[in-house]
Every structure is written in structure tokens, then in C-alpha cells.
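Scroll down for the structure; my scribbles are underneath it.
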Amino acid sequence: FCISLSEELNKCAIILRGYKRKSCGLVVVKDFNFNNILCDVEVSGDEAMLYATKTNAIVVVSEDRKKAIVKAKELGAKIVLLDDGFGQVYIEKFDILIKPNPKPANNFCVPSGAYRESISNYKSANLVICEGDDFQKKSFIKNETEKMVLVTAIANPKRLDAFLPSDLVDKIYFSDHYAYKKDELLDILQKTNATSILTTSKDAVKIEKFGLPLSILELELEISSHIKDKIKNYIDKFSI
């Protein structure tokens, strides 16, 4: 959703903590030059690198979101998107929460349930959105081959099942944000006799450097016009 929203905005920055990155402090991952990525994925973290490769936005990682906002403004940003900043950044902002669809069996937060935020927080958010009503997903496989093995390190990988072909030779799951090693991926290719590794865009930013045969499950998201209008109405209140 954040990637798709950034495409609707001019002079936008995306700020996030950079979870599981092998660095600390404030790091500018990318400036407004689309091809000017300023660090590698170990420094940025996989999610920040995904933003850097998929958007025209400035991308900054920092444990201190307020410092990152100041830096983004120095770099020319007029609008800032905070990835996962609902309950962690106590400044005036427009909060958007995504409700799981289908509705989970219980109302608990992870790891006991599917929610990222308490149910009560949905009442205080500026905008609550849900797949189907407010945005739609579609997927396709880039560089599809005859015998693919799924390799992924995302949370709840079973959610990929709806987008996968039925003839995969195997499915290999690693822990969320896992740092891949070339030798273990080569071993998977050899043991499964696969012609390529099928993975997500988020995983691909960590695997591409190995030069292995790679197929990518690309996910695109279309935001409904009524949601775009609500966000733009908020932005229009400011002189930018």
C-alpha cells in the first residue's frame, strides 16, 4: 500500500526503522535520483531496499523517526510516509490502518492473532482500509520457468498461496527478514532440481546479488479512488 500510495504523491519520502538491518542510526538509502541507491541491503534492511528499488521516493531509515523527517525535508521532501509508524511516532499525522481480510478468528495482536494494532486503535485512526473495498491486489510472475521452487522469508508465508502456480517443485520457508546465503540457495536448487528460485520482491533484493536463476512473484496494488481522494484532501490542507 505504501509503495502504491507513493506513486500518487509528488516529492515524497518514505521513512522506516530498517528492521533487521546491519547498521544503526540514520541512513539515507536513496535520494530523489531514481537510480541513486546509496547503500546495500545489509545497511538498509530488506523493506527499505524494496522501497528504494520500487519507488521514486526518498528512502530514509532511522530509529528516530523525527530526525529522519528533518533529513527528508532537507533533501527536498514535501510529503512523508511513515512505514509502521502508528503507535511509535507521537506527532500530528494522518494515520492509516489496514484491516485483515478475511477477518481473523480472534481479535488478538501478533503473535497470538493477526492484528498489528489493538482493535481499539482502529477507532482512533484517521482512515481504516480493507482489501476488496479500498484496494485490490493482482500478481504476476516475472521470469517464470518450468520448474520453480518457492523460497521466501516473509511473515506468514501461507498468504502467498493464493498467488502461486500449482506445479511448484517445493516450498522452502525461512524466518522473517532472514539473511540468505548463496551456498544454501544453490543447495536448494540442486536438491529440488529446480530451474529457478521463485521468491517475492522483498526477498529478491537480498538474493539478486548471488546471480542465481530467479523468478519473482510481483504484487501490484490498486488503491480505490475514494481512498486516494480522502488522503489528497488531507494533504491539500497544507501549503506544499
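The values are calculated or read from the model by the stated rules, or taken from the named source; none is laboratory data. Given the structure is predicted, the values throughout are model-derived calculations rather than measurements. No Cβ is skipped: glycine too gets one built from the backbone with ideal geometry, and neighbour counts run over all protein chains shown. Remember, those area values only see protein heavy atoms, side chains included, never the ligands or the DNA or RNA. Shrake-Rupley method; radii C 1.70, N 1.55, O 1.52, S 1.80 Å.
When SER120, SER23 are compared by accessible area of protein heavy atoms, the largest-first order is SER120, SER23, using a 1.4 Å probe. In plain terms, if you count all Cα to Cα distances in the chain and split them into 5 Å steps from zero, the share in each step is 1, 6, 12, 16, 18, 17, 14, 9, 4, 2, 0, 0 percent. Each helix, a run of at least 4 DSSP H residues, gives -39500 (n - 2.57); summed and divided by the residues of the chain, these come to -6500 deg cm²/dmol at 222 nm.
The calculated FRET efficiency for ILE119 paired with GLN190, based on their beta-carbon distance and R0 = 45 Å, is about 0.45.
Rolled with a 1.4 Å probe across the full set of protein chains, the surface gives GLU74 an accessible area near 130 Å².
Among ARG65, ARG116, ARG159, the sequence by solvent-accessible area, most first, with a 1.4 Å probe is ARG116, ARG159, ARG65.
Where in segment 33-57 is the amide nitrogen less than 20 Å from a point lying 7 Å along the Cα-to-Cβ axis of LYS22? Answer for segment 33-57: 37-53.
Basic side chains Lys and Arg get +1 at the Cβ, acidic Asp and Glu get -1 at the Cβ, and with that the dipole of segment 1-109 about its Cα centre reaches some 160 debye.
Accessible area ranking (1.4 Å probe, heavy atoms, ligands and nucleic acids excluded), largest first, for VAL27, VAL128, VAL110: VAL110, VAL128, VAL27.
In this rough spin-label picture, where each label sits 7 Å from Cα along the Cβ direction, the VAL70-VAL128 distance is 3.6 nm. If both residues of a DSSP beta bridge must be in the chain, then about 30% of such bridges are antiparallel. Relative to the current alpha-carbon distance between VAL169 and ASN156, full extension at 0.36 nm per residue lengthens the span by 2.7 nm. Within the shell of other residues whose beta carbon sits under 14 angstrom from the beta carbon of LEU214, the net charge comes to +2, with Lys and Arg scored +1 and Asp and Glu -1.
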